[in-house]
1. Quick check, is G21 part of a loop (DSSP other than H, G, I, E, B), within 26 Å of V551 (Cβ to Cβ) and touching a Ser or Thr at 6+ places or on another chain (Cβ under 8 Å)?
2. If I filter the stretch 578-608 down to residues being open to solvent by less than 20 Å² (accessible area, probe 1.4 Å) and assigned to a loop (DSSP other than H, G, I, E, B), which single residue comes out as modelled with the lowest pLDDT?
3. Pick from the stretch 535-554 the residues that are open to solvent by 50 Å² or more (accessible area, probe 1.4 Å) and of a type in the set (V, I, T): which of them is farthest from T103 (Cα to Cα)?
4. Go through L91, L61, L77 for me and flag whichever is in contact (Cβ under 8 Å) with a residue 60 or more places away in the chain, surrounded by 15 or more Cβ atoms within 10 Å (Cβ to Cβ) and not in a loop (DSSP other than H, G, I, E, B).
5. Name the single residue that is least open to solvent (accessible area, probe 1.4 Å) among those in the stretch 271-319 being outside any loop (DSSP other than H, G, I, E, B), closer than 26 Å to E436 by Cβ and without any contact (Cβ under 8 Å) to a residue 40 or more places away in the chain.
6. Given (1) open to solvent by 30 Å² or more (accessible area, probe 1.4 Å); (2) over 22 Å from R30 (Cα atoms), where does Q225 come up short, assuming only one miss?
7. Quick one: which of L775, L784 is more than 24 Å from M594 (Cα to Cα) and either open to solvent by less than 80 Å² (accessible area, probe 1.4 Å) or touching a Pro at 6+ places or on another chain (Cβ under 7 Å) (or both)?
8. One residue is enough: does the stretch 264-285 have a residue meeting the conditions within 24 Å of E406 (Cα to Cα), within 24 Å of the chain's Cα centre (by Cα) and either modelled with pLDDT of 90 or more or among the hydroxyl-bearing types (S, T, Y) (or both)?
Amino acid sequence: MRISALSAFLLLVSVPAHSVGPRLSELRPRGAQRGAVFALTIVGTGLSEDAQVLTNLPGTLTRLTPPKDPKRRGLELPFIVELNPDAPVDLYPIRVQTRDGLTNLLFFSVGAFPQVTEEESENDSRAEAQAVEIPVTVNGALDGADRDWYRFQGGAGQRLVFEVEARRAGSGVDPVIRVVDSAGNVIARNDDAAGLGVDSRLEVALPRSGDYYVELHDSRFSEQQENFYRLKIGTFTYAEGIFPLGWQRGGEVEVELSGGNLAKPVTVRPDLALLGETGHYTSISVPGKAGSLPFRFVVSNRAETLEPQGDAVKTLEPSAVMNGRIAETGEIDRYRLAVTPGEYWQCELTAASLGTSQLYALLTVHDSNGKQLVSAGTAKPEQSPFAVVFSTTTGEDPSLSLTVPEQVHEVQLTVEDLLGRGGGSYGYRLLAKKEEPDFTLNLTTPYVNIPLSGSASVTVVANRRGYNGPIRLSIPNLPDDLLFDGGNIAIRPNVSGAGRSLRFRKGSFTLTPKPGAKPRALDLTVWGQGVTESGKVIRRRARGPGLVTAVAGTNQEPFVAPWLNVGLPAMVVKAQSAVLEVLTPRNVRLILGMEHDLKWKFMPRQPGIAPPPEIDQSFLPSSFGLNQVPTEKGLDHGMFTVLTTERTRPTKFDVVLSGEISVDGRKEIVTAPAVTFEIVHGFQIDVPAELAIRAGASTQLVGKVHREPEFFSPVTIRADNLPLHVSCPTVEVPGDVEQFQLLCEAGSSAEPGEYEIEIASSSELATRRAKRVPLRMPPVKARLIVSEKTAVEQ
């Protein structure tokens, strides 16, 4: 399986619907030169005059008089910004807080060059190319089939770097860049550059003096809501590779930067002691003339080691991160790992998902005889025939699990590039863990506004690493005036061939203010807890995405920025204009085979607000055998029927209902508190752990049938796996009887000894329908002790 910690939640993430509050749509401009003084306009909705800008932008922001045009009020916030002359070249998040709530984040980019803005109507062809003076950074946008052209004058032999900031800054654009001479000849072209993910960069030595052109377009010519870019043209230092890709928190390490236009690799020493206990990333800039954004560097709480030099097989220490690199074309790194038969191991590799490695990794495990035990990452990527330089898609990394076979005491792990490539930008982080099954958690909700007299929902995705049991979510620092409903991530179903989609399971919870709660900002932390079969408790903190940008197109994953080290920013805000209520208890205990009517009602708080056209619901996948049956649509009330079948497994899950309404032309999402369903068997049996019987005699096994209140079907009890010459005739327990007796007899030839037997039980599903569906319960194990006849009996 090819997946990474980052893309653990990308499979299920969707751009969150915000129940209430302001929202940012644009920054004008998207960036500026450090030391510059300029006008910044923050564009969005609900931007009231009391708005506060939350940012770490290095400089000062001075609020200007709001627009006089009443139609623009609440849509724009104007500022004068003075950036510090020594401001680092980087991306800086901007968020706005008003009395109505928090907004989403947008990135503002601080650069090293003078800035200009694209002239939208005049640069769609080479003949109409917009003239710019280098060095320069152009703030522009691409819309569908749009091609933007820029013209500049260059000198013979002049070396220039052309770099595009787009996806790294939160844009949906996947840029392609071309440099063309005055005769229309393409001098250079780049799609995805090393170390930049899907962004582009190239360096050109101009062959002659004269006019040159830069052409920029989206590689898929797609329509994107976030379609901005920043084109940098100038002379600056950049690297393509970084090694290692991360290190231990508080530790010391030399980080090598290589490739690009560096004459030779250079090393830097990041200060990893300054990062807080919850931060998982820091930034590393390339020494020299500034221009490019810094690399994002992983910070972990594990021991970290560097790959030893040489081609020999290296030793991999358990639970320590091995930082390696496929430095040469066709290279294969080999690691030996000491194991014990029966142990459960998890091996994971991170590289391309970090955006700092080009490695499309193939991870394979062999035993000491060279027999392949398991492999991950074998799906070869499709290379675009239009790509000059192929680069992997971020978010694609392999991980695997292994139960060590009998007589295997050492395994060998191999790491290689699936396409046979290698170089300074092909680093990786390899981890092998021998431990109980585990999981990680990622929030898909970047922030949340919680309306008074209403509810807001939050979604978390679990990446299961061998742990298939239920996970219970919680917020330990939740204030007393907020209610937490839901928060159950259901068990992983036992489905033949279950793969990637069932490994990732999402759960939701809602937050509802209690009466008397006060509006205020909060910084919440979400945790999840599970218990393994051995009784070990697993507690994991959910990481936040920072921001989420939808990327239009088939199989396109949203852009997220976990390196911002953001948890779950939240704010309690004023009441909404309408409320969605569920007319059912918050906790429903549902017998397997039965169904439950989940009724809802929409209640506007002011006239003129129409009910949602439809009500959406979060639910479990069909692999659980659970279905949804909607009733009325477009009314102020309705119902869903939650069905269970013989395929349903006992578990807990939550249903969150929501709907979109229009308030004064503005879209809002109204959400009902989560309803928790606990699916249970209609009955359970209780039998003694031990039963004794003498050969040639009989005895009674006395047990109980514990029924749910609505379960009245007869229950059949039988004993299985009995030794020879021992019998226990099957009994049927009527629906109104609790206690049962199995009369067991041992023949004279019964062999004395201790035996493990099973007490099986079966019945029919409790159902509202006439259909009769058999129900077989998991057997209960017991110990049967057969003793010899006494001297008198003999």
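The values are calculated or read from the model by the stated rules, or taken from the named source; none is laboratory data. These figures come from a predicted structure and were not determined experimentally. All Cβ positions, even for glycine, are placed from backbone atoms using ideal geometry, and neighbour counts span all protein chains on display. Note: accessible area is taken over every heavy atom of the protein model, side chains too, but ligands, DNA and RNA are not part of it. Shrake-Rupley method; radii C 1.70, N 1.55, O 1.52, S 1.80 Å.
1. Numbers: part of a loop (DSSP other than H, G, I, E, B): yes; within 26 Å of V551 (Cβ to Cβ): yes; touching a Ser or Thr at 6+ places or on another chain (Cβ under 8 Å): yes.
Taking the combined requirement at face value, the residue satisfies it.
2. In the first step, residues of the stretch 578-608 are kept if they are open to solvent by less than 20 Å² (accessible area, probe 1.4 Å); the result is 578-580, 582, 588, 590-593, 598, 600, 602.
If we keep only those that are assigned to a loop (DSSP other than H, G, I, E, B) too, we end up with 592-593.
Values: L592: 85, G593: 82.
By that ranking, first place goes to G593.
3. V537
4. Numbers: L61 fails: in contact (Cβ under 8 Å) with a residue 60 or more places away in the chain; L77 fails: in contact (Cβ under 8 Å) with a residue 60 or more places away in the chain.
Of the residues listed, the single one that is in contact (Cβ under 8 Å) with a residue 60 or more places away in the chain, surrounded by 15 or more Cβ atoms within 10 Å (Cβ to Cβ) and not in a loop (DSSP other than H, G, I, E, B) is L91.
5. In the first step, residues of the stretch 271-319 are kept if they are outside any loop (DSSP other than H, G, I, E, B); the result is 281-284, 295-300, 304-306, 314-315.
Of the ones still in play, those that are also closer than 26 Å to E436 by Cβ are 298-300, 304-305, 315.
Okay, now just the ones that are also without any contact (Cβ under 8 Å) to a residue 40 or more places away in the chain, so 305, 315.
On the way: T305: 48, T315: 71 Å².
For the stretch 271-319, the residue satisfying everything is T305.
6. Condition not satisfied by Q225: (2).
7. On the way: L775 fails: more than 24 Å from M594 (Cα to Cα).
Result: L784 is the single residue among L775, L784 that is more than 24 Å from M594 (Cα to Cα) and either open to solvent by less than 80 Å² (accessible area, probe 1.4 Å) or touching a Pro at 6+ places or on another chain (Cβ under 7 Å) (or both).
8. Of the stretch 264-285, the ones within 24 Å of E406 (Cα to Cα) are none.
No, because not a single residue in the stretch 264-285 is within 24 Å of E406 (Cα to Cα), within 24 Å of the chain's Cα centre (by Cα) and either modelled with pLDDT of 90 or more or among the hydroxyl-bearing types (S, T, Y) (or both).
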